[in-house]
1. Select from the range 114-159 the residues that are over 23 Å from residue 54 (Cα atoms) and of a type in the set (Gly, Ala, Ser) and write down the one among them that is modelled with the lowest pLDDT.
2. Give 59, 22 a once-over and let me know the one that is loosely packed, with under 13 Cβ neighbours inside 10 Å and more than 17 Å from the chain's Cα centre (by Cα).
3. Return a yes/no flag: does the range 66-79 have any residue that is over 17 Å from the mean Cα position of the chain (by Cα) and farther than 15 Å from residue 140 by Cβ.
4. Kindly check whether there is at least one residue in the range 38-53 that is loosely packed, with under 13 Cβ neighbours inside 10 Å and of a type in the set (A, V, I, L, M).
5. Of the residues in the range 35-45, how many are in contact (Cβ under 8 Å) with a residue 60 or more places away in the chain and not in a strand (DSSP E or B)?
6. Answer with yes or no whether residue 13 is modelled with pLDDT under 95 and not in a strand (DSSP E or B).
Amino acid sequence: MIMSDSDARDDRRQFITFHSAGQEFGADIMTIREIRGWTQATSLPHAPSYVLGVINLRGVVLPVVDLKARLGRGATAPDPKHVVVVVKAGERMIGLLVDAVSDILTVTKSDIQTIPELARDTQAEFVEGIAVLDNRMVTILSMERLAASLVIPQAALAA
């Protein structure tokens, strides 16, 4: 089957890539609202260990999640070199603490492969697939599924 130029464009998606825990991840560019430097978060009582706390984002209380910890790879000790990727997934807005933002990728559906059965675990529910590009492999995360999985005490956010 021959694809027209418009079909090929429709097949493409753009991702912002970032590093966390020594691995490269990608998130759909349409879910990213901004990228900002790390600022100290105010901790929340009874929050899971992967929730670093909240920050004030122009009058909005934004929960900040340590992506490394959420993926079960240990905790990050945040410092000024870290960045917060602000994501809007559905009605929820969250900040993801990552090591660094690296690139914007344009990939086609054929570039994204499913993860092998042996690699599936509880964190795999956040993974859409793996983009295989030349000598790079980028784990594509579903921001919607990641945001929906977060347990953030609503009482703490209302305080």
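1. 119
2. Residue meeting the stated conditions: 59.
3. Step one: filter the range 66-79 for residues over 17 Å from the mean Cα position of the chain (by Cα), giving 77, 79.
In the following step, the residues that additionally are farther than 15 Å from residue 140 by Cβ were identified as 77, 79.
Among the residues of the range 66-79, at least one is over 17 Å from the mean Cα position of the chain (by Cα) and farther than 15 Å from residue 140 by Cβ, which makes the answer yes.
4. Checked against the condition, which is being loosely packed, with under 13 Cβ neighbours inside 10 Å and of a type in the set (A, V, I, L, M), the range 38-53 yields no hits at all.
5. First, the residues of the range 35-45 that are in contact (Cβ under 8 Å) with a residue 60 or more places away in the chain: 35, 44-45.
Still in the running and not in a strand (DSSP E or B): 44-45.
Selection size over the range 35-45: 2.
6. Values: modelled with pLDDT under 95: yes; not in a strand (DSSP E or B): no.
When the stated conditions are applied, residue 13 does not pass them.
For (1) touching a Phe, Trp or Tyr at 6+ places or on another chain (Cβ under 8 Å); (2) more than 20 Å from residue 146 (Cα to Cα); (3) of a type in the set (Asp, Glu); (4) free of Cβ contacts under 8 Å to residues at least 24 places away in the same chain, each residue gets a yes or a no:
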site	(1), (2), (3), (4)
30	no, no, no, yes
33	no, no, no, no
59	no, yes, no, yes
67	yes, no, no, no
74	no, no, no, no
116	no, no, no, yes
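The values are calculated or read from the model by the stated rules, or taken from the named source; none is laboratory data. All values reported here derive from a predicted model rather than from experimental measurement. Reconstructed Cβ throughout: ideal geometry from the backbone, glycine too, with neighbour counts over all protein chains shown.
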